[in-house]
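Visitor: First the structure, then my questions, so here it is.
The values are calculated or read from the model by the stated rules, or taken from the named source; none is laboratory data. None of these values were measured; they are calculated from a predicted model. All Cβ positions, glycine included, derive from the backbone under ideal geometry; neighbour counts span all protein chains shown.
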Amino acid sequence: MTNKQKKIKTLFSYIQRYGFNQSLENIALGIGITKKTLFNRYKSREGLEKEVFNFWKQSVIERYRNRSLFTNNAVEKLIFFIYELKKCKELEAHFFDREIKTTDFELIDDERSFQFVIWKILNEGKLEEVISSQISSCSWGHLLHFNIFNLILHDEKNVNIDFIISLISPLLTKEGNEILTSLNLERLMQD
């Protein structure tokens with residue numbers, strides 16, 4: 001881990017614990033530096049928030065990628081990605097809530113975005129023939145991104161398995177639906 005990564009991780013840990021609404025003085029004090037050093041590193045509050053928020057998103061995507069190494073297909077990858085976002089809501093609520101508040105859910109092709117991850121899963125699923133080749137990965141990626149955050153995870157304490165199935169199954173092939181049906185989603189969504 002580079003020195004810059006260690007610094008951003010320290011900032012991330014502080015924001016994760018206390019939230020984004022802390023004064024810059026409290027943030028600097030909380031991570032053991034002066035306010036001047038904080039400004040030298042991040043130039044502004046917006047720069048600080050953007051940097052730590054991007055660090056969080058990259059961490060989520062990296063955790064998902066590591067977890068997805070143990071999947072057999074795109075259906076499982078999609079479920080694991082939803083699970084990873086569920087864990088974020090529980091353990092990194094300040095960041096998760098910020099994603100909901102600040103994301104306008106426009107079509108994004110930046111590989112550091114959650115929507116891009118979903119789009120990539122859908123395209124892999126098309127190649128595996130578990131996701132219908134007739135769907136638009138871009139449109140469905142946008143739809144899934146919005147619905148995962150705003151309907152599946154936003155207000156619910158527990159993930160609604162039936163809603164996940166009703167959201168995902170229309171884009172699956174017969175083989176993809178067989179895989180979805182065979183998964184124990186209740187167990188997969190548990191800690």
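Visitor: For the structure I just gave you, tell me whether Ser59 is out of contact with any Gly (no Cβ under 8 Å at 6 or more places or on another chain), outside the structural domain of Cys138 (by TED's automatic domain parsing) and either in a helix (DSSP H, G or I) or farther than 25 Å from Leu171 by Cα (or both).
Guide: no
Visitor: Among (1) assigned to a helix (DSSP H, G or I); (2) touching a helix residue (DSSP H, G or I) at 6+ places or on another chain (Cβ under 8 Å); (3) touching a residue at least 40 places away in the same chain (Cβ under 8 Å), which single condition is Gly30 missing?
Guide: (3)
Visitor: Filter the range 55-86 for residues that are under 11 Å from the mean Cα position of the chain (by Cα) and not charged (D, E, K, R) and give the result.
Guide: Trp56, Gln58, Ser59, Val60, Ile61, Tyr64, Phe80, Phe81, Ile82, Tyr83, Leu85
Conditions (1) in contact with a Leu (Cβ under 7 Å, 6 or more places away or on another chain); (2) under 15 Å from Phe149 (Cα atoms); (3) in a helix (DSSP H, G or I), marked per residue:
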{"residue": "Glu25", "(1), (2), (3)": "no, no, yes"}
{"residue": "Leu38", "(1), (2), (3)": "yes, no, yes"}
{"residue": "Asn72", "(1), (2), (3)": "no, no, no"}
{"residue": "Leu78", "(1), (2), (3)": "no, yes, yes"}
{"residue": "Phe81", "(1), (2), (3)": "no, yes, yes"}
{"residue": "Asp97", "(1), (2), (3)": "no, yes, yes"}
{"residue": "Ile100", "(1), (2), (3)": "no, yes, yes"}
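Visitor: Which residue, of Leu78, Leu69, is at pLDDT 90 or above, surrounded by fewer than 18 Cβ atoms within 10 Å (Cβ to Cβ) and hydrophobic (A, V, I, L, M, F, W, C)?
Guide: None of the other options fit; the residue is Leu69.
Visitor: When you go through (1) at pLDDT 90 or above; (2) assigned to a helix (DSSP H, G or I); (3) surrounded by fewer than 14 Cβ atoms within 10 Å (Cβ to Cβ) one by one for Ser133, which number turns out not to apply?
Guide: (2)
Visitor: Restricting attention to the range 14-54, which residues are exposed (fewer than 15 other Cβ atoms within 10 Å of the Cβ), among the aliphatic types (A, V, I, L, M) and within 16 Å of the chain's Cα centre (by Cα)?
Guide: Once the filter is applied, which keeps residues that are exposed (fewer than 15 other Cβ atoms within 10 Å of the Cβ), among the aliphatic types (A, V, I, L, M) and within 16 Å of the chain's Cα centre (by Cα), the range 14-54 yields nothing.
Visitor: Kindly establish whether Gly141 is in contact with a helix residue (DSSP H, G or I) (Cβ under 8 Å, 6 or more places away or on another chain), buried (at least 20 other Cβ atoms within 10 Å of the Cβ), at pLDDT 95 or above and in a helix (DSSP H, G or I).
Guide: no
Visitor: Residue by residue through the range 13-27, note down the ones that are at negative phi and either out of contact with any Lys or Arg (no Cβ under 7 Å at 6 or more places or on another chain) or without any contact (Cβ under 8 Å) to a residue 12 or more places away in the chain (or both).
Guide: Kept after step one, since they are at negative phi, are these residues of the range 13-27: 13-18, 20-27.
Once the filter is applied, which keeps residues that are at negative phi and either out of contact with any Lys or Arg (no Cβ under 7 Å at 6 or more places or on another chain) or without any contact (Cβ under 8 Å) to a residue 12 or more places away in the chain (or both), the range 13-27 yields Ser13, Tyr14, Ile15, Gln16, Arg17, Tyr18, Asn21, Gln22, Ser23, Glu25, Asn26, Ile27.
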